[in-house]
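Here is the structure we will look at.
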Amino acid sequence: MSLALYMDVHIPHAITNGLRKAGIDVLTAQEDSKDELDDKAMLFRASTLNRIVFTYDEDFLRESAALQESGQHFAGIIAIRSRRLSMQRCLTDLQLVCELCEPEELANLVYYLPL
């Protein structure tokens, strides 16, 4: 079973569309009508849907650290270390992670791109 992603509001549509063309299951916060949620609530929403959050936003990293410290579950985060990562490299790395990782492998973790 491949990963299902929950795209943070700041992710460009080109990345979402490229992943969908590659057959990756993607839901954006906007499509879910949750684009006004704070980061913690968005993490919980994605976890409820068994989706991994994909983000550039460092605030998610602080939220995940707090959840890890308190022992609270979240589905996981894939984060970009640098916004200078090319669109193609981002798509390639995300597709690999989604195809090769099981959801439980990313539970309660932050996974960084580029690989």
Subject >> Computed P(r) (all Cα pairs; region 32-99; 5 Å bins; percent) >> reply: 3, 15, 26, 23, 18, 13, 2, 0
**OP:** Please compute P(r) over all alpha-carbon pairs of the chain, binned at 10 Å starting from zero, and give each bin as a whole-number percent.
**Re:** 15, 53, 31, 2
**OP:** Would you please give the residues with an amide H less than 5 Å from that of Ala4, counting only those at least 5 places away or on a separate chain, with H modeled from the backbone geometry?
**Re:** Ile52
Subject >> Cut-off under 5 Å, modelled amide H: who pairs with Tyr111 long-range >> reply: Ile77, Ile78, Ala79
**OP:** Using only Cα atoms, find the angle between the long axis of helix 58-70 and the longest principal axis of the chain, and express it within 0 to 90 degrees, rounded to the nearest 10.
**Re:** 40 degrees
**OP:** Compute the long axis of helix 39-48 from its Cα atoms, compare it with the longest principal axis of the Cα atoms of the chain, and write down the angle in degrees, 0 to 90, nearest 10.
**Re:** 80 degrees
Original post:
What are the ³J(HN,Hα) values, in whole Hz, obtained from phi via the Karplus relation 6.51 cos²θ - 1.76 cosθ + 1.60 with θ = phi - 60°, for each residue of region 71-78 in sequence order, with x given for Gly and Pro?
Top reply: x, 7, 7, 8, 5, x, 9, 10
Original post:
With the dipole of region 4-113 worked out from charges on the C-beta (+1 for Lys and Arg, -1 for Asp and Glu) around the Cα centre, which of Phe60, Cys98, Leu49 lies farthest toward the positive end?
Top reply: Cys98
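Relative to the Cα centre, what is the charge dipole magnitude of the chain, using +1 at the beta carbon of each Lys and Arg, -1 at the beta carbon of each Asp and Glu, and rounding to the nearest 20 debye?
For this selection, approximately 400 debye.
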Subject >> Net +/- balance of residues flanking Ala79 in space, Cβ distance below 9 Å, scoring K and R +1, D and E -1 >> reply: -1
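Considering Cα pairs under 8 angstrom that are at least six residues apart, work out the relative contact order of the chain and quote it in whole percent.
Numbers: 181 pairs, mean separation 37.5, N = 115.
The value is 33 percent.
Read-outs throughout are calculated quantities, based only on the coordinates presented, and are distinct from any laboratory measurement. Note that the coordinates shown come from a computational prediction; the quantities given were computed from them, not determined experimentally. In this analysis, Cβ positions are derived from the backbone assuming ideal geometry, glycine residues included, and neighbour counts consider all displayed protein chains.
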